[in-house]
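Worksheet: the structure to be examined is printed underneath.
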Amino acid sequence: QVQLVESGGGLVQPGGSLRLSCVASGIILEINAMAWYRQAPGKQRELVASFTSGGVINYADSVKGRFTISRDNAKKTVYLQMNSLKPEDTAIYHCNGPRALYSWGQGTQVTVSS
């Protein structure tokens, strides 16, 4: 049983920044492989950023250079620093494993609008 709780979303203007947090609990002892996903209105969920136990980090082309995924193992928390936000970043953001095998948390809403 893994529980994931996302937070940090909100309403920001284009060009603004947000830092999302995902706190994991349950059977997870180390968050050595995690990912951030997002789902915009009318679209399927997409992979935004991920890291593997081998230290490989991947970003969707649309966020590369603007978003940074990181983690704090002691806190079992995954972060997503989002800079230079664009309206097209508007979505509900979720964290999960890189294969999305855990149950989904409630997500956190990110809205980028002027």
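Do any trypsin sites (Lys or Arg not before Pro) in region 1-70 lie in a loop, going by DSSP, with at most 11 other beta-carbon atoms within 10 Å of their beta carbon, and if so which?
In loop regions of region 1-70 (DSSP not H, G, I, E or B), the sparsely surrounded trypsin sites (Lys or Arg not before Pro) are Lys43, Lys64.
Computing the accessible area with a 1.4 Å probe over protein heavy atoms, can you report the carbon and sulfur percentage for the chain? Don't jump to the answer; show the numbers that get you there.
On the way: 3020 of 6110 Å².
Heavy-atom surface of the chain belonging to carbon and sulfur, 1.4 Å probe: 49 percent.
With a point put 7 Å past each Cα toward its Cβ, work out how far Arg19 is from Ser114 in nm, to one decimal.
2.8 nm
What shape does region 21-65 take by its C-alpha gyration tensor, where a ≥ b ≥ c are the square roots of the eigenvalues and a/c under 1.5 counts as rounded, a/b above b/c as prolate, and the rest as oblate? Can you show the working numbers first?
Details: a/c = 2.98, a/b = 1.42, b/c = 2.10.
In terms of gyration-tensor shape, oblate.
If one computes the Cα centroid of region 59-83 and of region 96-114, what distance in Å separates the two points?
Cα centroid to Cα centroid, the span is 12 Å.
Roll a 1.4 Å probe over the protein chains and send me the accessible area per residue for the chain in Å².
With the other protein chains kept in place, the chain gives 54 Å² per residue.
Taking the DSSP beta bridges in the chain as the whole, what percent of them are antiparallel, to the nearest 5?
Of the beta bridges lying entirely in the chain, close to 90 percent run antiparallel.
Would you calculate the separation in nanometres between label points at Gln106 and Lys75, each defined as 7 Å from the Cα along the Cα-to-beta-carbon direction?
1.9 nm
Using a 7 Å offset from Cα along Cα-Cβ at Gln44, what residues in region 78-114 end up with backbone N under 20 Å from the label point?
89-105
The values are calculated or read from the model by the stated rules, or taken from the named source; none is laboratory data. Values in this document were obtained by computation on a predicted structure and should not be read as measured data. For neighbour counting, all protein chains shown are included, and Cβ atoms are generated from backbone atoms with ideal geometry for every residue, glycine included. SASA here: full protein model, heavy atoms, side chains in, ligands and nucleic acids out. Shrake-Rupley method; radii C 1.70, N 1.55, O 1.52, S 1.80 Å.
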